[in-house]
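We did not get these values from a lab; they are worked out from the coordinates using the rules stated. Predicted model only: the values in this text are computed from it and were never measured. With ideal geometry, Cβ positions are generated from the backbone for all residues, glycine too; neighbour counts draw on all protein chains shown.
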Amino acid sequence: MHTDTQPQQTRSAPRTPDVRLTQYARGGGCACKIDPGRLESMVAQLPDPAGEFGQGELIVGLDGGDDAAVVRLQGTQATILTTDFFTPVVDDAYDWGRIAAANALSDVYAMGGTPLVAVNLLAWPTDTLPMELAGEVLRGGLDVTRAADCHLAGGHSIDDADPKYGLAVTGIADADRLLRNDAGRPGLPLSLTKPLGIGVLNTRHKRTGENFPQAVAAMTTLNRDASSAALSAGAVCATDVTGFGLLGHLHKLARASGVTARVDPAAVPYLDGAREAVRDGFVSGGSRRNLAWVDPHTRWGAAVDEEERLLLADAQTSGGLLIVGEIPGAPVIGELLPAQDHTLVVG
């Protein structure tokens, strides 16, 4: 998908100190998420809140592990609520702000909604890093929300040992035209709107200082046009591809929909340099945990080697949409099948 909106980068602010932000975080981007197995075990202990309290009807909550919560207000009017924040994924403060904002907005697009208003979430080591850099992070987030026609007003900040940034976002949607991860049906194709490889390139950047503008361009591209195209094509099922990798998010979609998903590895697009990065060992711990999580649920083809598996499980930051259906410009990478003894078939 090449029509998604990429916010324009501006450089009118004064030059800020040269600091390698990625060195101030153990993880980076969505790779710093709690691993999916532990997270699901924790969330499984919580009661399902649907119908228990609150105004309106909670139509998307904890049950399917979807991208955001959705409440029907009146008729077909629905509100979407999500939040996302993470430690630095790149060294440039302004780019980190842009990436984190685009990533947070993505959850609304993944549900078929339109972002309406967002607030900042900022954690900053005030005694360690210059506040000018924090200002650049916020400026990056503001530029992206402006490009998305989304209000950005205020937020919350704390003094913290590790820098973290993101947004809490409220969106609106038609309750009867949502993109959900539990609505997939056998016989439908799977389309991917951004290439994979963001995680291994970011890991290489953190360890070596090499810059990968193709990764930054992918991460700062909004999923707005892809979401609109999916709705126009009549799609009802989608998710975005972020910290749990392509296979992790597809496993959740297939499980929620009661189907099996088949992936053709040869059809999956990758950013330039991604294969070289995994071959050279630049794989995050998050990506390895993703692979360990999906492995028991996957039937692997004989030709799918370890490097290919790691790329398919690579923890993405602000990745594309995985859409059940076809849209212009997005490669078809597989299909949904009737349920089998595995949720995933690869190869």
Helix-only [θ] at 222 nm, the chain, -39500 (n - 2.57) per DSSP H run of 4+, per residue, nearest 500, equals -9000 deg cm²/dmol
Calculated Rg and Dmax of segment 206-253 using C-alpha coordinates, Å:
14.3, 44
Based on Cβ point charges of +1 for Lys and Arg and -1 for Asp and Glu, what charge dipole magnitude is obtained for segment 101-169 about its Cα centre, in debye rounded to the nearest 20?
260 debye
Give me the base-10 log of I(q)/I(0) for segment 196-314 at each q in 0.14, 0.16, 0.21, 0.23 Å⁻¹, Debye formula, one uniform scatterer per Cα, rounded to two decimals.
-0.64, -0.83, -1.28, -1.41
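Dipole of segment 189-346, Cα-centred, from +1 at each Lys and Arg C-beta and -1 at each Asp and Glu C-beta, to the nearest 20 debye? Before the final figure, lay out each step's value.
On the way: 14 positive and 16 negative charges, 84 e Å.
In total the dipole reaches around 400 debye.
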In the chain the DSSP beta bridges are antiparallel at a rate, in percent to nearest 5, of 75 percent
Residue 217 to residue 139: FRET efficiency via 1/(1 + (r/R0)^6), r the Cβ-Cβ distance, R0 22 Å, to the nearest 0.05?
0.75
Tell me which residues come under 5 Å, amide H to amide H, from residue 116 once H is placed; ignore anything under 5 positions away on its chain.
170, 171, 172
Would you please put 216-229, 265-278 in order of how densely packed they are, using the mean number of other Cβ atoms within 10 angstrom per residue and starting with the highest?
216-229, 265-278
With a 10 Å radius around each residue's Cβ, average the other Cβ atoms per peptide and rank 190-197, 175-182, highest first.
190-197, 175-182
Answer in debye to the nearest 20: the dipole magnitude of the chain about its Cα centre, from +1 Lys/Arg and -1 Asp/Glu charges placed on Cβ, is 200 debye
Tell me the label-point distance for the pair residue 339, residue 232, using the 7 Å Cα-to-Cβ offset, in nm and rounded to one decimal.
3.5 nm
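Compute the orientation-averaged projected area for the chain from the convex hull of its Cα atoms and round it to one decimal in nm². Spell out each step's value before the answer.
Values: hull surface 66.9 nm².
Spelled out: convex hull of the Cα atoms, projected over all directions, averaged, 16.7 nm².
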Would you work out which of 217, 68, 230 lies farthest towards the positive end of the dipole of the chain? Charges go on Cβ: Lys and Arg +1, Asp and Glu -1.
217
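Go through 326-333, 202-209 and give me the packing order, highest mean Cβ count within 10 Å leading.
On the way: 326-333: 18.0, 202-209: 20.0.
Highest to lowest by the protection proxy: 202-209, 326-333.
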Based on the Cβ-Cβ distance of residue 297 and residue 267, what FRET efficiency does E = 1/(1 + (r/R0)^6) give at R0 = 22 Å, to the nearest 0.05?
0.60
Counting sequence-distant residues (5 or more places) and residues on other chains, those with an amide H built under 5 Å from that of residue 60 are 70
Nonlocal amide H pairs with residue 196, under 5 Å, H built at 1.01 Å:
270, 271
